[in-house]
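Worksheet: one structure, shown below.
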Amino acid sequence: MTNREIQEITDRIAERSAASRTAYLARIRRDGEAARAKGPARAHLGCANLAHGFAAAPAEDKPLLRGTARPGIAIVTSYNDMLSAHQPYETYPPELKKAVRAAGGVAQVAGGVPAMCDGITQGRAGMELSLYSRDVIAMSTAIALSHDMFDASLLLGVCDKIVPGLFIGALHFGHLPAIFVPAGPMSSGLPNKVKARTRQLFAEGKVGRTELLEAEAASYHSPGTCTFYGTANSNQALMEVMGLHLPGSTFVNPHTELRHALTEAAGRRAVEITAHGSEYTPIGELVDEKSIVNACVALLATGGSTNHTLHLVAMAAAAGIVLTWDDLACLSKVVPSLTKIYPNGQADVNHFRDAGGMQVLIGDLLDHGLLHGDVLTVAGRGLDHYRSAPSLKDGALVWEERAEGSSDLDVLRPVAAPFAADGGIHMVEGNLGCAVSKVSAVKPEHLVIEAPAKVFDDQLDLLAAFEAGALDGQDFVAVIRYQGPSANGMPELHKLTPPLAVLLDRGQNVAIVTDGRMSGASGKVPAAIHLSPEAADGGAIALVREGDVIRLDSAAGTLEVLADLSGREPQGRALSDAEWVGTGRELFAAFRRMAGPAEYGAGVFGVSGAEQPEHGPGLGFAAPAGAAHAEATPSRLKVMEEHARHAAEHAGG
């Protein structure tokens, strides 16, 4: 039976989303009924259209594509050979085509989507395009599927914005089944503790570039996903718990026999779940309020990436579901922290897998009613399918339920004996707005900080201050503003973590407050991130002055500047379009103008099925940058006003 609080939160989401979800389902069900009645999609193309669709096909596939009996499967891939996580996808299309053909279908690579690496672009101009790339990927996925040649899709993506983008794009073709096909993590390299220590030593000037590069190369050393538990591996965990991976396929290493067998199995399964088989499983029906809540629960239980406080809101919206940060905050009070995976511990995702991984995690959460079990998945009805782990026996792929619990309690614990009673992500709110705080890697003594502000409008200015020694020997809250989605694309500011960690280790009390991001690799420095409203949209962070005392209490969920902000004029500004140039940024000026606020997913799309203005900016249709986004939530404004009065009284006393 589902936990009472989990069910109540799910019911609230469903009630809030009723109109938009109903409209979304009506559309995809109409398309689905047509698909079931009329046969494979390509059969209804005109002859010239269809001829274009198979002109380049290999000889063995041309007769299949000319005919009208076999379902067509789209392969949408993020392959490139520069990025380790995506390099394994080079061999997937021929493997999948062969498997699909054997199962009675015919597959084609329908299109590619861009895949950029936040690890490469950290601290550089390219990072300012990273979050926008999610929506570009969604649009690219839509372009790939727009040819009306396909009855299901196989989605090949791993990292940061790629999986959310593929997910959003696929949901706009919600009548089509979709399976995400993972590539798996690289094998374990240099221990995370050693890597993190080397980064801090470099920040202190105690080792040089040669030593740092050697450490980084020993960490990121082969094809596969980086092994820490950042956004890429959070993506993979969420796809499994939502039932969009085959059971147990998430953390199997690349280029292994088991990985190859699972890839082939995904191709076969895609054929079986089309509208022309007996197990029609459209992604728009699979992704519902229950599966969205399951994803949130898994994120919290594993201390996953803070980027998903943006992505999950945007992903839910694509299915006509309105998810809020308040929902995540309420879930975080109910869901315990069950894993210690770097940066929340020293283990990596291979150690997590070997301790029992997703099968033990999902099984235990189901047994305690913290996941909805009665959901649709690509493996069939019911999340119980995901208690089973795959293996090869005499060359055949089999799934067997894992009955035993965790084999390493330092990495994965049961609900009955968690690492912490609540989730690893908290929401904080006050007279500066609302923000996200990841506490799973923060020591309890650092959860509350009250210190003067040091204000920066560019992360490079903070780094320069650190290198000059201007931050030594003092407690402070670093305020980094004009880093939001409508200012400069909301770049990750993870490059700030090593120097601030140095100061923390020296005994200084330091924290970060920003309208930017800190990524899934956020570590031990306390931080309030994704602050909304952002500075560029009139947020109170633009009113903060050097020396204002800021109190961040991640335990209590409050964020306040202890000063009277009334009568102040904003300081600083976002770059103009004329200044925001180079590295292709000028091509994305329209995204800056249309990006919604962080709490609504920081994207340019609205909620599917929500076409009425009362939904507010970012829920119906995105509002231009500079709009008063907070006006969409009057109840939050009242809360903020109360916090402001309290903070002013505190400052005066």
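The values are calculated or read from the model by the stated rules, or taken from the named source; none is laboratory data. All of these numbers come straight from a predicted model, not from anything done at the bench. Counting neighbours? That spans all protein chains shown, and the Cβs are built from the backbone with ideal geometry, glycine included. Accessible surface is based on the protein model in full, side chains and every heavy atom, while ligands, DNA and RNA are left aside. Shrake-Rupley method; radii C 1.70, N 1.55, O 1.52, S 1.80 Å.
Within region 175-201, if we keep just the residues that are outside any loop (DSSP other than H, G, I, E, B) and at pLDDT 90 or above, the residue that is surrounded by the fewest Cβ atoms within 10 Å (Cβ to Cβ) turns out to be L201. K161 satisfies every condition listed in (1) over 17 Å from the mean Cα position of the chain (by Cα); (2) buried (at least 21 other Cβ atoms within 10 Å of the Cβ); (3) of a type in the set (K, R) except (1).
Tally time: how many residues in region 512-546 are part of a strand (DSSP E or B), open to solvent by less than 10 Å² (accessible area, probe 1.4 Å) and either within 28 Å of G473 (Cβ to Cβ) or among the charged types (D, E, K, R) (or both)? First the steps, then the outcome.
Of all residues in region 512-546, those part of a strand (DSSP E or B) come to 512-514, 517, 527-532.
Narrowing further to those that are open to solvent by less than 10 Å² (accessible area, probe 1.4 Å): 512-514, 517, 528-532.
Still in the list and also either within 28 Å of G473 (Cβ to Cβ) or among the charged types (D, E, K, R) (or both): 512-514, 517, 528-529, 531.
Count: 7.
The residues listed here are A237, A232; of these, the one that is surrounded by 24 or more Cβ atoms within 10 Å (Cβ to Cβ), touching a strand residue (DSSP E or B) at 6+ places or on another chain (Cβ under 7 Å), in a helix (DSSP H, G or I) and aliphatic (A, V, I, L, M) is A232.
When the residues of region 240-282 are narrowed to those that are polar (S, T, N, Q) and either modelled with pLDDT under 95 or under 22 Å from the mean Cα position of the chain (by Cα) (or both), which ends up most open to solvent (accessible area, probe 1.4 Å)? It would help to see each step written out before you state the result.
Our first condition is that a residue be polar (S, T, N, Q); within region 240-282, this holds for 249-250, 253, 256, 263, 274, 278, 281.
Within this subset, residues satisfying the condition of being either modelled with pLDDT under 95 or under 22 Å from the mean Cα position of the chain (by Cα) (or both) are 249-250, 253, 278.
Values: S249: 4, T250: 2, N253: 38, S278: 114 Å².
Among those residues, the one meeting the criterion is S278.
For K193, are the conditions met, namely being under 25 Å from the mean Cα position of the chain (by Cα) and among the basic types (K, R)? So K193 fits the description; yes.
Could you run through region 336-357 and say how many residues are of a type in the set (D, E, K, R), assigned to a helix (DSSP H, G or I) and either at pLDDT below 95 or surrounded by 24 or more Cβ atoms within 10 Å (Cβ to Cβ) (or both)? So that I can check it myself, show each step before the final result.
Within region 336-357, the subset of a type in the set (D, E, K, R) is 340, 348, 353-354.
Those left that are additionally assigned to a helix (DSSP H, G or I): 353-354.
Filter once more, keeping what is either at pLDDT below 95 or surrounded by 24 or more Cβ atoms within 10 Å (Cβ to Cβ) (or both): none.
Residues that pass the stated criteria total 0.
Go through region 61-97 and give me each residue that's assigned to a loop (DSSP other than H, G, I, E, B), open to solvent by less than 30 Å² (accessible area, probe 1.4 Å) and within 21 Å of E279 (Cα to Cα).
P71
Residue check, M490 against (1) out of contact with any strand residue (DSSP E or B) (no Cβ under 6 Å at 6 or more places or on another chain); (2) buried (at least 18 other Cβ atoms within 10 Å of the Cβ); (3) on the phi > 0 side of the Ramachandran plot, all met but one. Which one? The failed condition is (1). Looking across region 139-167, the residues that are in contact with a Gly (Cβ under 8 Å, 6 or more places away or on another chain) and in a helix (DSSP H, G or I) come down to M139, S140, T141, A142, I143, A144, L145, V163, G165, L166. Identification of strands (runs of 3 or more DSSP E) wholly contained in region 406-511 with 1 or more residues that are in contact with a Ser or Thr (Cβ under 6 Å, 6 or more places away or on another chain) and at pLDDT below 95 yields 425-430, 433-438.
Every listed requirement among (1) assigned to a helix (DSSP H, G or I); (2) crowded, with 23+ Cβ neighbours inside 10 Å; (3) not small (G, A, S) is met by D384 save one, (2). Exactly one residue among V100, V136 is aliphatic (A, V, I, L, M), touching a Gly at 6+ places or on another chain (Cβ under 8 Å), under 27 Å from Q459 (Cβ atoms) and not in a strand (DSSP E or B), and that residue is V136.
Here are L25, L96, L50, L64: which of them is touching a Ser or Thr at 6+ places or on another chain (Cβ under 8 Å) and among the aliphatic types (A, V, I, L, M)?
Working: L25 fails: touching a Ser or Thr at 6+ places or on another chain (Cβ under 8 Å); L50 fails: touching a Ser or Thr at 6+ places or on another chain (Cβ under 8 Å); L64 fails: touching a Ser or Thr at 6+ places or on another chain (Cβ under 8 Å).
Going through L25, L96, L50, L64 in turn, the sole match is L96.
Scanning region 112-126 for residues that are assigned to a helix (DSSP H, G or I), within 30 Å of E95 (Cβ to Cβ) and open to solvent by less than 30 Å² (accessible area, probe 1.4 Å) gives a single hit, D118.
Among the residues making up region 127-158, those that are open to solvent by 20 Å² or more (accessible area, probe 1.4 Å) and either charged (D, E, K, R) or under 30 Å from L493 (Cα atoms) (or both) are E128, L129, V136, M139, S140, D148. The residues of region 183-234 that are farther than 30 Å from L312 by Cβ and of a type in the set (A, V, I, L, M, F, W, C), listed by number, are L190, V194, L201, F202, A203, V207, L212, L213, A215, A217, A218.
The residue pairs whose first member lies in region 167-180 and is touching a residue at least 60 places away in the same chain (Cβ under 8 Å), whose second member is of a type in the set (D, E) and surrounded by fewer than 24 Cβ atoms within 10 Å (Cβ to Cβ), and whose beta carbons are closer than 6 Å, counting only pairs six or more residues apart or on different chains, are H175/D31.
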